[in-house]
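All of the numbers you see were taken from the coordinates with simple rules; none came from a lab. Here the structure is a predicted model, which means the values were calculated and not measured. Positions of Cβ are backbone-derived with ideal geometry, glycine not excepted, and every protein chain shown enters the neighbour counts.
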Amino acid sequence: MSDKYELISNQSTPKILEPENSLELKTLLNSAKSNSAISVTEVEISGEHLRLRTNSILRTYYLVSGSLEFEVDGETRIFLNPGDLLTLKQSCEYSLKGDAKYLVMNTPAFKDGDDTYLM
């Protein structure tokens, strides 16, 4: 292990199930490993994610495969194709749905309380 880099193996990262959001996720890089600078999570979704508001300064979605549809602030629909990247700023309210694999990156790193679920 070097103090200059770290290789994080996707294969050795455990999956976490979130059936209420129709997804499974793997936290590849978290707050503790990045000095709170960034978090990176691989997500597989098959269905609809509950509507939420992000309290992160910047949340970025990168679509690896499949397709995603976002509804932002209750009106704007955004469709992502593989290779597309979407950024959402602090206090953005949104939902998403699809059958896809994507990366979600938060800056600063995600911490409990960053998401507020909306009914």
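The condition of being buried (at least 16 other Cβ atoms within 10 Å of the Cβ), in contact with a strand residue (DSSP E or B) (Cβ under 8 Å, 6 or more places away or on another chain), of a type outside the set (Lys, Arg) and part of a loop (DSSP other than H, G, I, E, B) does not hold for Phe70. The set of residues from the stretch 50-67 being assigned to a strand (DSSP E or B) and not β-branched (Val, Ile, Thr) comprises Leu50, Arg51, Leu52, Arg53, Leu58, Arg59, Tyr61, Tyr62, Leu63, Ser65, Gly66, Ser67. Could you run through the stretch 78-118 and say how many residues are of a type in the set (D, E, K, R) and under 22 Å from Ser46 (Cβ atoms)? So the answer is 5. Of note, Lys111 does not satisfy the criterion of being of a type outside the set (Phe, Trp, Tyr), under 18 Å from Ser39 (Cβ atoms) and free of Cβ contacts under 8 Å to residues at least 60 places away in the same chain. Flag: Thr76 does not match the condition of being surrounded by fewer than 16 Cβ atoms within 10 Å (Cβ to Cβ), touching a Ser or Thr at 6+ places or on another chain (Cβ under 9 Å) and either closer than 16 Å to Tyr62 by Cβ or among the hydroxyl-bearing types (Ser, Thr, Tyr) (or both).
Scanning the stretch 8-49 for residues that are of a type in the set (D, E, K, R) and part of a loop (DSSP other than H, G, I, E, B), we see that the one that is surrounded by the most Cβ atoms within 10 Å (Cβ to Cβ) is Lys33.
A search for C-beta distances below 7 Å between a residue of the stretch 11-37 that is on the phi > 0 side of the Ramachandran plot and any residue that is surrounded by 10 or more Cβ atoms within 10 Å (Cβ to Cβ) and part of a loop (DSSP other than H, G, I, E, B), counting only pairs 6+ apart in sequence or on different chains, returns Ser36/Pro108; Ser36/Ala109.
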